[in-house]
Amino acid sequence: NSSNLRVMRFVRLARTLRGVRVIRLLRYIGALRTIVFSIISTLGSLFWSLVLLMMIFYCFSVIITQSVADYCRSEQHFRNMPCPAELQQHWSSIAESMLTLFLAISGGLSWGEALNPLRAVGVPAFASVLLYIVIAEFAVMNVILGVFCNTAIESAGADREIAIMKQMKKQEGQMKTLKDIFTEIDLDCSNEINLQELKEALKSSKLRSFMTSIGISTDDVWTLFMTVDTDGSGEISLEEFVHGCMQLQGPAKGLQVARMSYENTVMRGEIKKIRDEVINFQQEMKDRTSVAAPI
């Protein structure tokens, strides 16, 4: 018996470890990971949503249940008639009324079925149910749905690993597309493209539209070619084309702007130094000219 018990414990441990491996797979399954973590992130909103709904259920249940109780007492006292079974079924107590209100907005019960018996009770109870449906269906539930969606979206956007995987997937797709475009431009299959080939390729509206869609201007082909041709050889290789287009796409990045600002500062310093040297040279020439003039 003890040996069988040990075997069972080992089997349970193995199953537990297998479950842990399944959880670790969430790191590599982007869509499933996004769904699971989005659900977890909305648990706080779910709790407070339930609290709000319970408060609404209770407030309306007190009003409706009190009206039904008064109606049933009057019917029994003055007419000697029992309380209708439909009222007893849905509105007999506060707890039963809260359950009815919950089922009315969650699809478990047609709210018209619970509303019809209240016609005989009076206007306050009937109007309370109508007001509850309007508030719960058109205001509360829509706001709760919006909060849930916003929380899930923020959670998915804040997850660093999910953001990295999405960015890597996007870059891989763009690199593959750029490689295919390079193959289309390279008509002579030399694995390099020159300025003329690029000009001919950009005459195609399809290619121009794609380049524009990723933020690369095709108005000045020569400037585009010289920018991508980093080694200045007059021809662009596959690596240069892909790397250059990836760098040029979209608006200027903060690092690129900072680099341009630094280079401009250095260039201004060099220009200022050259200007000072030119002024000093002119001054020296004037001094030498003034000294040599009397002779």
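For region 213-245, the set of residues classified as surrounded by 14 or more Cβ atoms within 10 Å (Cβ to Cβ) and among the small types (Gly, Ala, Ser) consists of Ser237, Gly244, listed by residue number.
Test Gln171 against the stated conditions and say whether it is open to solvent by 40 Å² or more (accessible area, probe 1.4 Å) and either of a type in the set (A, V, I, L, M, F, W, C) or free of Cβ contacts under 8 Å to residues at least 24 places away in the same chain (or both). It would help to see each step written out before you state the result.
Details: open to solvent by 40 Å² or more (accessible area, probe 1.4 Å): yes; either of a type in the set (A, V, I, L, M, F, W, C) or free of Cβ contacts under 8 Å to residues at least 24 places away in the same chain (or both): no.
So Gln171 does not fit the description; no.
Checked against the criterion of being surrounded by 13 or more Cβ atoms within 10 Å (Cβ to Cβ), under 29 Å from Ser155 (Cα atoms), at pLDDT 90 or above and under 33 Å from the mean Cα position of the chain (by Cα), region 113-133 contains not a single residue that satisfies it. When region 64-82 is filtered for residues that are open to solvent by 30 Å² or more (accessible area, probe 1.4 Å) and free of Cβ contacts under 8 Å to residues at least 12 places away in the same chain, the ones remaining, listed by number, are Gln66, Ala69, Asp70, Arg73, Ser74, Gln76, His77, Phe78, Arg79, Asn80, Met81, Pro82.
Can you work out which of the residues in region 102-112 that are among the aliphatic types (A, V, I, L, M) and buried (at least 17 other Cβ atoms within 10 Å of the Cβ) is farthest from Glu86 (Cα to Cα)? For region 102-112, the residue satisfying everything is Ile105. Residues in region 83-101 that are of a type in the set (Gly, Ala, Ser) and open to solvent by 30 Å² or more (accessible area, probe 1.4 Å): Ala85, Ser92, Ser93, Ala95.
Per the listing Glu137, Glu154, the residue uniquely closer than 24 Å to Thr34 by Cβ and either outside any helix (DSSP H, G or I) or open to solvent by 30 Å² or more (accessible area, probe 1.4 Å) (or both) is Glu154. Residues of region 175-196 that are open to solvent by less than 90 Å² (accessible area, probe 1.4 Å), assigned to a loop (DSSP other than H, G, I, E, B) and polar (S, T, N, Q): Ser190, Asn194.
The condition of being hydroxyl-bearing (Ser, Thr, Tyr), farther than 30 Å from Thr42 by Cβ and touching a helix residue (DSSP H, G or I) at 6+ places or on another chain (Cβ under 7 Å) holds for only one of Ser97, Ser128, Ser92, that being Ser128.
The values are calculated or read from the model by the stated rules, or taken from the named source; none is laboratory data. The structure displayed is predicted, hence computed values, not measured ones. Here the Cβ is made from the backbone with ideal geometry for all residues, glycine too, and neighbour counts use every protein chain on show. Accessible surface is based on the protein model in full, side chains and every heavy atom, while ligands, DNA and RNA are left aside. Shrake-Rupley method; radii C 1.70, N 1.55, O 1.52, S 1.80 Å.
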